[in-house]
Structures are given as C-alpha cells and as structure tokens.
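Colleague: Below is one structure. I have some questions about it.
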Amino acid sequence: MPENQSSSSKSTLLQLSSSDAYQRWRLLKDKIVAHAVVFGGLSIILAIVLIFFYLLYVVFPLLLPAHAEAVNQYSAPEQALGKTVFLSMEEQNEVGVRFTDQAKVIFFNVADGATIRIDPLPIPEGVQITSYAHGGVDKGVIAYGLSDGRALVVKHAYKLSYPNDKRVITPSIQYPLGQEPVVVDNLGQPLIKLAVKLGDKSNTLFAKTADNRLVLTNLSKKESLFDDEVSWERIDSDIDLPSENIEFVLMDKEQRNLYLASRSGELSVIDITDKSKPTAAYKLNVTSQGIQITSMEFLNGDISVLIGDSTGLLSQWTIVRDKQNHYSVQKLRSFKVSDSPLVTINPEQRRKGMLVADTQGVIGIYNSTSEREAIKEKAFNGKPIAVTLSPRANAMLLETEDAKIHFWTVENEHPEVSWSSLWEKVWYESYPEPDYIWQSSAASNDFEPKMSLTPLVFGTLKAAFYSMLVAIPLALFGAIYTGYFMATGMRQYVKPGIEIMGALPTVILGFLAGLWLAPFVEKNLTGIFAMLFVVPVVVMLFAYCWQFMPKTIRNKLPEGWDAILLLPVIVLSCWLAFVISPGIDALFFNGDLRIWMLKELDIGYDQRNTLVVGLAMGFAVIPMVFSIAEDAIFSVPKHLTTGSLALGATPWQTLAKVVILTASPGIFSAVMIGLGRAVGETMIVLMATGNTPVMDLSIFQGLRTLSANIAVEMPEAEVNSTHYRVLFLAALVLFMFTFVVNSVAELIRQNLRQKYSSL
C-alpha cells in the first residue's frame with residue numbers, strides 16, 4: 001500500500017474515532033440534562049404535594065369529632081355533711097369542691113374522691129339556709145340565702161406552688177364581703193330565690209323573699225384618699241313586679257340587667273343600671289303553651305341566657321339592638337338535646353359552649369357560635385344533682401341522685417369550627433342579624449370568636465378582579481402593540497423598561513399606595529374618573545387630526561414609532577382631566593363627589609379602598625402579563641403574517657385572525673399567571689386597603705384578603721389553637737384555589753395550542 005494512502009486511512013479512522021467520542025459525549029450530556037429536568041420537575045411536584053399534605057396535617061384536627069370518656073366513679077365525699085348544692089373543680093382537674101346544704105365546703109381529689117379539706121361556713125346559730133346561688137362559674141363565688149333575710153357570700157380559690165419542683169394545689173375559702181352575712185332584706189324575711197354578682201367597685205345581691213317581694217341591694221366600695229380604710233355605700237330598692245311564679249333569677253356580670261323567669265315560660269328583663277330605680281325593660285314568653293322552663297343559666301360573658309325546657313330543647317336568648325337603635329330580646333338558636341326535661345346547664349368558662357343534662361342522664365356538649373353538637377351520650381341512669389365542667393372544658397364531674405360522682409375526661413379542642421361558622425351567616429351575640437364576620441381574637445375570655453372565611457375569600461376575589469380589570473387591558477393592548485406594530489429599535493427599550501417594573505418590591509408599592517396614592521385618589525377622585533373619558537377622547541381626536549397633516553410631516557415619522565407621538569398627548573390629557581375635575585364637581589356633585597355619593601347614593605368612601613388596591617396591584621401585575629403575552633405575540637412565525645398580508649388581508653385582519661389566535665395559548669397563560677399573582681399578593685393589599693374584612697361590593701370600601709390575613713394574624717396565633725389551625729385552613733383554601741385555577745387554565749391552554757397549532 002502506498003504511503004500516502006496509508007496516512008489517509010489513518011486520518012479517516014482518527015476522525016471517525018473523534019467523531020464517535022464527540023457524539024457519545026453529546027448523547028451523555030443530553031441524557032444528563034434530560035434526567036436533571038425530569039428530576040427537577042418531579043422535585044417541584046413533590047414539594048407542592050408536601051406543602052399540600054402539611055397544610056392538611058395542621059388543618060385535619062379541626063375535622064376530628066369530640067369525645068368524652070368515663071375515668072372513675074366514686075361516692076360523694078363526706079355524705080354525712082349534707083347534699084350537694086354546687087359542684088366545681090379547679091383548672092388542673094386535680095381538686096374538686098362540693099358545697100352542701102349544711103354550709104360545709106368539702107375539697108376532694110378529683111381522681112378518686114379522697115377528702116382533702118373541710119371548711120364549715122360561719123352560718124349564725126338558729127338561722128336556716130333557704131336558697132343558693134353562684135356568682136358566675138368562672139368567679140368561684142357562692143351565696144347562701146338565709147332565713148333572716150341575710151346572705152353569706154363565699155369564694156373558693158386555689159393557690160398553685162411548686163415546692164421541690166412538685167406541683168401543689170392548696171384550696172381555700174375566702175369571704176369577699178366579710179364573714180358576717182350581708183343584710184339583703186331589711187324586713188328579715190327568708191330569701192327563697194337569690195342572685196349575686198361581685199365587681200371591683202360594686203357588688204349587687206337580689207332576692208325573692210318568702211312574702212313574695214323582690215329586693216335589690218347594692219354595695220359600692222369607697223376608699224379613703226388619706227388611708228387604707230374601706231367603707232361601703234349601700235343602696236336598697238324594691239322591684240314592683242308580680243313575683244309569685246318567679247322560679248329562676250339571673251344577674252349579668254355588669255350588674256345592669258336582671259332576668260326573672262317563671263316555669264310557665266314568662267321571661268322578664270329588669271334594667272338595674274340605676275340601682276335605686278330598677279325598671280322593667282322587656283317581657284315575653286320564651287316557650288310555647290304547655291311547655292315549662294326547667295333550667296336557666298348564662299352563657300359565658302353573661303350576654304346570652306340559655307333556657308332549657310321540659311321537651312329537652314335548649315334555646316339561646318339575648319338582647320339585640322337593631323339598625324334603628326331599638327332593643328328587643330331575640331332567640332338566636334336552639335338545640336334539641338333529648339325528649340326529657342333539661343335539669344342542669346353548665347357553661348364553659350372560656351368559650352361559648354355549654355354542658356347540659358336531662359332527667360334521664362343524657363349529657364350533651366354544644367357550642368353556640370358554630371351551632372355544633374360536640375358530644376351527646378348516656379352518662380348514667382337517673383337524674384343528675386350537680387354537673388360541672390372544668391375551667392379548660394377538658395373534664396367534667398357529675399353527681400347523681402344515688403350520691404355517686406362520675407369523673408369524665410373530655411376532648412373537644414375546636415368546637416368553634418363548623419361548616420356554618422366558616423362559610424355561612426352566623427347570628428353573633430350583640431349583632432342585629434346573622435352576618436359574615438371575621439374577628440378572631442380579643443383580650444377577654446368572654447369574646448365570641450368570629451371566624452367566617454367568606455369575607456376573606458370575597459376580599460381576595462374582589463382585589464384580584466379589580467387589579468386584573470386595570471392590568472389586563474393595559475398589559476395585553478401594550479403587548480399587542482409592542483409585539484406586532486412597534487419598531488424593533490423602539491421595542492428594545494420599551495420591553496425591558498416595562499419588565500423592570502416587575503422588579504419593584506411589592507412592599508414598596510404597598511407603601512406608596514397607602515401613604516401617597518390613597519390620599520391622592522381621595523383628593524382627586526373626580527379627576528381619576530374623568531381620565532377614563534378624557535384620555536380616550538383626546539387620543540381619538542389627535543388620531544383624527546393627524547391624518548390631515550401634510551404627508552411630508554407624517555412620512556418623517558418612521559413606521560412603528562407612532563407611540564412617541566402619543567406620550568405627550570396622554571400626559572396632556574391626564575393633566576386636562578385633573579384641571580377640569582373641580583368644575584365637574586361644582587357642576588354635577590355640589591362641590592365634592594364623595595359627599596354627594598354618601599348623601600344621594602348612600603355610598604361611603606374609605607381612603608384605603610378597593611380602587612387604590614386595583615390601581616396599585618394592577619401596576620404590579622402589568623409587567624408579568626405584558627412580558628409573557630408580548631413574547632407569545634412576537635414569537636408568531638413571520639411566514640404566517642407575511643402570508644396573510646400577501647393574500648390581501650389588512651394588518652388589523654392579520655392581527656385578529658392570525659396573530660392573536662396563534663399566540664392565544666401564551667396570552668391566556670399570561671392572564672392566568674397574572675391572576676395567580678393578584679390572588680396571592682400580600683403586601684399591597686395589606687398596606688393599601690385598611691385590612692378590614694367587610695363584604696361590600698363598593699369599590700370605595702376596604703377589604704381583607706386571605707394572604708394578608710395570614711400575614712397579619714399568624715405571628716400572634718397560639719400554636720395549635722383553633723385560630724392557628726383556621727389560618728392554615730385559609731392557606732389551604734388559597735392553595736386549592738390557585739391549584740384548581742391553574743390546572744383548569746393549563747387544560748384550556750393545551751386545548752388552544754392544539755386547536756391553533758395548524759395555523
């Protein structure tokens with residue numbers, strides 16, 4: 001073989017070898033990148049799934065049913081010291097207390113009934129106990145009415161200490177009004193019905209006497225400015241009201257209203273704000289003919305009265321003020337507990353719940369706000385003598401007619417949550433009618449949580465709607481002009497400039513919207529609306545006049561640079577709208593559009609409102625929608641547009657029939673991504689709306705969105721509390737909303753791509 005042929009063969013083999021190695025390396029890189037893309041996609045899907053399941057994990061306890069479990073049963077301690085008239089226990093569920101009809105206080109171990117301490121009460125010799133009352137289950141105040149017209153007021157208290165790191169609970173009896181009984185009836189008649197409330201400065205006792213008189217005694221504390229001496233100022237008064245049939249008496253903790261009821265169902269409310277002149281305020285029947293009241297008690301907070309009747313129905317009544325400032329007693333809701341009379345009602349001390357029991361030993365735990373039956377069980381046979389819930393509502397004691405005490409544990413962590421409390425109208429205490437309200441916390445245990453997610457979802461959709469109403473026309477029309485009509489030289493400045501807008505932090509936009517834009521819009525409201533008419537009219541007039549300009553002038557402007565001419569026109573028209581707005585106000589709106597709307601249309605105006613949010617959040621959404629839509633329009637193959645023009649179609653026909661249709665998947669994606677941005681936006685709506693969870697269609701009212709609510713309240717929510725979990729539920733709702741919307745949008749986008757891919 002010739003030498004040159006041999007060298008040529010070697011060179012060819014070397015090239016083939018080198019080419020094969022290069023191809024193998026390219027294939028390897030392709031496989032690595034393909035696997036990396038797949039891994040990245042699966043990782044994103046996994047992350048989304050994990051986020052979903054974590055949210056569901058936190059929310060799931062809200063869905064778990066409550067239950068109660070019997071722990072122990074034992075004989076009532078020290079039965080020889082009398083029958084139980086009041087039963088209670090302290091917060092740790094370790095020490096219980098039994099007040100007897102022989103004026104003995106027995107503290108005992110809740111777990112097994114072992115006696116801890118016995119305290120005899122200082123009842124004067126020769127005086128009989130004729131009535132009993134408590135001053136609020138959460139206050140620990142008990143009053144004994146006596147046969148000589150006096151009452152002894154006592155209080156059970158517990159001291160918590162940790163000697164040698166071991167918890168020790170020491171019970172004690174206190175005498176808030178002194179160890180000497182307080183005179184209630186100056187005539188010395190036995191007190192057969194009694195009510196008592198103690199306050200920081202004022203203490204009030206009410207009694208029905210044996211001779212059917214209704215007497216009221218108020219003791220106001222007076223402290224000397226010069227020493228520690230304390231004196232009491234006394235006010236006595238009689239209530240002129242038929243009292244023969246009165247069997248149930250209650251006094252609210254504010255010592256303003258007195259509730260008197262007969263077994264036949266007649267309820268009277270007495271205004272005792274002026275202790276010297278009590279006046280009858282309301283009188284009504286709360287049961288139907290033939291149905292008797294069998295028990296009556298306050299719900300926590302003493303705003304509502306719970307009434308149990310002989311048919312096993314539990315109803316909630318409260319004083320309501322309507323929109324005309326008229327007061328009335330209304331029934332908010334009712335619960336059917338059983339078919340037997342309800343004999344005991346024990347309210348929860350920190351929530352709007354209650355424990356009820358009937359004559360057959362059926363117990364039920366209910367929550368008034370959620371209208372939810374948490375627990376209903378046959379706990380024992382027979383009629384209960386006394387029933388109590390622990391302060392944390394996680395345990396209960398029940399004493400039966402056979403002097404047996406039943407100790408139960410209760411698991412009812414989230415009774416405030418139900419479908420109705422989250423999504424439907426609820427009639428809350430002190431509200432004139434059922435409504436959607438979000439007000440999750442307050443400083444008092446008497447507070448009724450209002451956790452309706454409806455106003456938050458409404459606010460989220462409202463903010464997104466108005467922001468998209470601003471963003472979509474500007475972004476899409478801008479994208480169409482930039483991607484199809486604008487010259488390349490001008491586009492290379494316009495597109496990056498608009499995209500840079502998307503880099504602005506939303507907290508800055510929210511800050512500017514709240515502190516600058518909101519006052520500006522309020523001051524120039526008429527000018528803002530005038531722009532909607534003035535700007536299009538001026539632009540159209542300019543375009544009409546431009547066609548009459550000499551061709552030599554029109555031809556000096558290169559094709560695709562027309563927008564430069566419109567910039568000063570738009571600025572001038574905006575300025576003109578604000579200039580003429582005072583004249584419009586004076587001519588049509590009596591000088592001020594806001595005041596005119598309030599007087600004539602009953603439309604109020606809040607400075608930080610939906611209009612401000614729409615403008616600010618629309619500005620934030622525009623860059624994203626514009627950029628994606630413009631890319632889709634600009635990427636339409638040129639042969640499609642040139643072919644359309646070559647066939648005789650005008651540029652506008654080509655735009656409408658070819659460009660828009662071909663780019664529709666991208667345009668639709670831009671809109672949906674912008675909607676997702678608007679729904680999830682937090683800082684702008686947080687700073688520019690006033691953050692008020694109201695349901696009002698008016699564009700001039702504020703709102704609160706799901707995301708803003710989570711941002712505001714999550715740092716203050718107690719971990720694993722109902723409030724905490726409901727906030728996670730709000731996050732889950734937001735997550736599911738965006739997931740469903742994006743999934744549907746993707747299906748539509750794929751359909752559009754398949755439909756117009758043949759163009």
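The values are calculated or read from the model by the stated rules, or taken from the named source; none is laboratory data. Everything numeric here is computed off the predicted structure, so don't read it as measured data. Neighbour counts run over all protein chains shown; Cβ positions are idealised from the backbone, glycine included.
Colleague: Please verify whether Glu433 is within 24 Å of the chain's Cα centre (by Cα) and either under 25 Å from Tyr605 (Cα atoms) or outside any loop (DSSP other than H, G, I, E, B) (or both), treating the condition exactly as stated.
Modeller: Yes: the conditions hold for Glu433.
Colleague: Sticking with this one: If I filter segment 567-583 for residues that are assigned by TED's automatic domain parsing to the domain that holds Phe533, within 41 Å of the chain's Cα centre (by Cα) and within 26 Å of Gly690 (Cβ to Cβ), do I get at least one hit?
Modeller: There is at least one residue in segment 567-583 that is assigned by TED's automatic domain parsing to the domain that holds Phe533, within 41 Å of the chain's Cα centre (by Cα) and within 26 Å of Gly690 (Cβ to Cβ).
Colleague: Select the helices (runs of 4 or more DSSP H) contained entirely in segment 638-692, then report the ones holding at least 2 residues which are surrounded by 18 or more Cβ atoms within 10 Å (Cβ to Cβ), out of contact with any Ser or Thr (no Cβ under 6 Å at 6 or more places or on another chain) and at pLDDT 90 or above.
Modeller: 660-680
Colleague: Determine whether Ala393 is part of a strand (DSSP E or B), assigned by TED's automatic domain parsing to the domain that holds Gln79 and either touching an Asp or Glu at 6+ places or on another chain (Cβ under 8 Å) or buried (at least 20 other Cβ atoms within 10 Å of the Cβ) (or both).
Modeller: No, not satisfied.
Colleague: Mind checking which residues of segment 185-194 are out of contact with any Ser or Thr (no Cβ under 8 Å at 6 or more places or on another chain) and at negative phi?
Modeller: Asn186
Colleague: Take segment 543-560 and flag every residue that is surrounded by 10 or more Cβ atoms within 10 Å (Cβ to Cβ) and more than 22 Å from Gly489 (Cα to Cα).
Modeller: Of everything in segment 543-560, those that are surrounded by 10 or more Cβ atoms within 10 Å (Cβ to Cβ) and more than 22 Å from Gly489 (Cα to Cα) turn out to be Ala543, Trp546, Met549.
Colleague: Is there any pair with a first residue in segment 191-202 that is in a strand (DSSP E or B) and a second that is at pLDDT below 95 and charged (D, E, K, R) whose Cβ atoms are under 6 Å apart and which are 6 or more apart or on different chains, and what are they?
Modeller: Pairs found: Ile192/Lys208; Lys193/Lys208; Lys197/Lys253.
Table: residues versus (1) crowded, with 19+ Cβ neighbours inside 10 Å; (2) among the charged types (D, E, K, R); (3) in the same structural domain as Asp238 (by TED's automatic domain parsing).
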| position | (1), (2), (3) |
| --- | --- |
| Thr130 | yes, no, yes |
| Ala133 | yes, no, yes |
| Gly145 | yes, no, yes |
| Ala157 | no, no, no |
| Leu177 | yes, no, yes |
| Val182 | yes, no, yes |
| Leu187 | no, no, yes |
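Colleague: Having 3 or more residues that are at pLDDT 90 or above and in contact with a Gly (Cβ under 9 Å, 6 or more places away or on another chain) is the bar; report the strands (runs of 3 or more DSSP E) wholly within segment 258-348 that clear it.
Modeller: 293-298, 342-347
Colleague: Now a separate question. Right, Tyr74: farther than 17 Å from Thr388 by Cβ and of a type in the set (Ser, Thr, Tyr) or not?
Modeller: no
Colleague: When you look at Arg321, is it surrounded by fewer than 18 Cβ atoms within 10 Å (Cβ to Cβ), under 30 Å from Leu241 (Cβ atoms) and of a type outside the set (Ser, Thr, Tyr), yes or no?
Modeller: yes
Colleague: Considering Ser390, Ser370, which residue is of a type outside the set (Val, Ile, Thr) and in contact with a helix residue (DSSP H, G or I) (Cβ under 6 Å, 6 or more places away or on another chain)?
Modeller: From the options Ser390, Ser370, the qualifying one is Ser370.
Colleague: Scanning segment 252-261 for residues that are closer than 25 Å to Ser288 by Cα and in contact with a Phe, Trp or Tyr (Cβ under 8 Å, 6 or more places away or on another chain), which turns out surrounded by the most Cβ atoms within 10 Å (Cβ to Cβ)?
Modeller: Leu260
Colleague: Please specify each residue of segment 352-379 satisfying the condition of being in contact (Cβ under 8 Å) with a residue 60 or more places away in the chain, over 21 Å from Trp317 (Cα atoms) and not in a strand (DSSP E or B).
Modeller: Matches in segment 352-379: Ala379 only.
Colleague: Just checking, how many residues over segment 696-725 are part of a loop (DSSP other than H, G, I, E, B) and either of a type in the set (Lys, Arg) or touching a strand residue (DSSP E or B) at 6+ places or on another chain (Cβ under 8 Å) (or both)?
Modeller: Looking only at that region, the number is 1.
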